[in-house]
Amino acid sequence: MQILILGSGAGGGVPQWNCHCHICSGIRHDEIVAKPRTQSSIAVSSNGEDWILINASPDLRQQINETPKLWPEKGVKRGTRIRSIVLTDSQIDHTTGLLTLREGLPLPVHCTDVVYEDLTTGFPLFNMLKHWHGGLQRRAIDTDHESEFFPEGAGDLTFNPVVLESNAPPYSKYRDNIVPGNNIGLKITNKVTGKVLFYAPGCMQASDLVKDMLKQADCVLFDGTLWLDDEMIANGFSERLGTQMGHMPVNGDGGAIDMLNEYDINRKVLIHINNTNPVLNENSEENAYLQSKDIELAYDGMEINL
Ligand code: MLT
Ligand code: MN
Ligand code: ZN
């Protein structure tokens, strides 16, 4: 399985256009060593030819243009190697890129019922895009983790949904009141090698199901949004804790570092990293601490072979 990290940042990206935090302004003025990051998306493939886009970022156009493996095949007037799309939630940072795909529709989009509900009501992308060549072809994802599904182009890859505790976006009727399916992670298994990827860009709780996935995984791409639960409050950007936004802090008791290191996982990688997270500064104590714990920080353009 080939995994491309198209966007390793959380909503807003790094630097965020209106943000003057230490990381955003440090990057802008070249005062710190930190990589810019686009908003959250990955692509996976079993053969390197046919790709499944997982989450469609507002930065999708830039991401495709910077990724030769996703360029149109030679010999077609117009076309794409993206055979289907899978959404893990209905957040802006994971869905707005569907608008960018309008010239290449129809394309199949796999999502749960409640994500589809948000994307036909509060943020009606499915309705709007009907006007482009028939629009998005919706495919339902069940919430039972044993329900395998096979997105178009999956080849040897099997997908299982993993219901996660997180939150729904402000325009969702499920905001602060989630039901199973507002947020899923994905267990992706290569049938030939048996290798397992667990992708969970938004997760605030180590449920039994999450623990079970961590036991099985060879590679985990896990929610690295915030270093500390009160990071947005301490920066004066929000009155909400990370856990109220739906994100487990990386550090501290109940944090992602300790959780991930309870398991024997070959590659542990943080993804969906918010611009306020001090770990982004490559000379920070936090960055050194993460490395000492054998956990990687995803970056745009990173490739993982599993
Ligand atoms: C989140 O996951 O909480 C988002 O990044 C929020 C957003 O995109 O605005
Ligand atoms: Mn997000
Ligand atoms: Zn910032």
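The values are calculated or read from the model by the stated rules, or taken from the named source; none is laboratory data. The structure presented is a predicted model; accordingly, all values stated were derived computationally and were not measured. Virtual Cβ from ideal backbone geometry, glycine too; neighbours counted across all protein chains shown. The accessibility values were calculated without ligands, DNA or RNA, using every heavy atom of the protein model including side chains. Shrake-Rupley method; radii C 1.70, N 1.55, O 1.52, S 1.80 Å.
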**Message:** Looking at the stretch 78-94, I want the residues that are touching a residue at least 24 places away in the same chain (Cβ under 8 Å) and assigned to a loop (DSSP other than H, G, I, E, B) and have a partner that is within 16 Å of ligand 3 (Cβ to nearest atom) and open to solvent by 10 Å² or more (accessible area, probe 1.4 Å) with Cβ atoms under 8 Å, at least 6 apart or on another chain. Which pairs are those?
**Reply:** Gln91/Gly11
**Asked** Is one or more of the residues making up the stretch 278-298 among the basic types (Lys, Arg), more than 16 Å from ligand 3 (Cβ to nearest atom), surrounded by fewer than 22 Cβ atoms within 10 Å (Cβ to Cβ) and more than 19 Å from Met213 (Cα to Cα)?
**Response** yes
**Message:** I'm trying to understand the selection: among the residues of the stretch 235-256, which are surrounded by fewer than 23 Cβ atoms within 10 Å (Cβ to Cβ) and touching a Leu at 6+ places or on another chain (Cβ under 7 Å)?
**Reply:** Asn251, Gly252
**Asked** Quick check: is even one residue across the stretch 232-247 over 20 Å from Asp176 (Cβ atoms) and within 14 Å of ligand 1 (Cβ to nearest atom)?
**Response** no
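Yes or no: the stretch 49-72 includes at least one residue that is among the basic types (Lys, Arg), closer than 27 Å to Lys187 by Cα and either touching an Asp or Glu at 6+ places or on another chain (Cβ under 7 Å) or surrounded by 24 or more Cβ atoms within 10 Å (Cβ to Cβ) (or both). If you could, list the steps in order and put the result at the bottom.
Just the residues of the stretch 49-72 that are among the basic types (Lys, Arg), to begin with: 61, 69.
Imposing the further condition that a residue be closer than 27 Å to Lys187 by Cα reduces the set to 61, 69.
From the residues that got through so far, the ones that are either touching an Asp or Glu at 6+ places or on another chain (Cβ under 7 Å) or surrounded by 24 or more Cβ atoms within 10 Å (Cβ to Cβ) (or both) too are none.
No, the stretch 49-72 has no match at all.
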**Request:** Can you work out which of the residues in the stretch 20-36 that are within 30 Å of Leu186 (Cα to Cα) and open to solvent by 30 Å² or more (accessible area, probe 1.4 Å) is nearest to ligand 1 (Cβ to nearest atom)?
**Result:** Pro36
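Criterion first (within 15 Å of ligand 2 (Cβ to nearest atom), open to solvent by 30 Å² or more (accessible area, probe 1.4 Å), touching a helix residue (DSSP H, G or I) at 6+ places or on another chain (Cβ under 9 Å) and under 23 Å from Val269 (Cβ atoms)) does Gln39 satisfy it? I'd like the intermediate steps shown before the answer.
Numbers: within 15 Å of ligand 2 (Cβ to nearest atom): yes; open to solvent by 30 Å² or more (accessible area, probe 1.4 Å): no; touching a helix residue (DSSP H, G or I) at 6+ places or on another chain (Cβ under 9 Å): yes; under 23 Å from Val269 (Cβ atoms): yes.
So Gln39 fails the test.
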**Complete:** Residue count, the stretch 216-234, condition buried (at least 24 other Cβ atoms within 10 Å of the Cβ), among the hydrophobic types (A, V, I, L, M, F, W, C) and not in a loop (DSSP other than H, G, I, E, B), comes to 3
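Hey, among Glu148, Glu231, Glu152, which residue is within 16 Å of ligand 2 (Cβ to nearest atom) and farther than 16 Å from Asp89 by Cβ? Give the steps one after another, and end with the answer.
Working: Glu148 fails: within 16 Å of ligand 2 (Cβ to nearest atom); Glu152 fails: within 16 Å of ligand 2 (Cβ to nearest atom).
Only one candidate passes the filter, namely Glu231.
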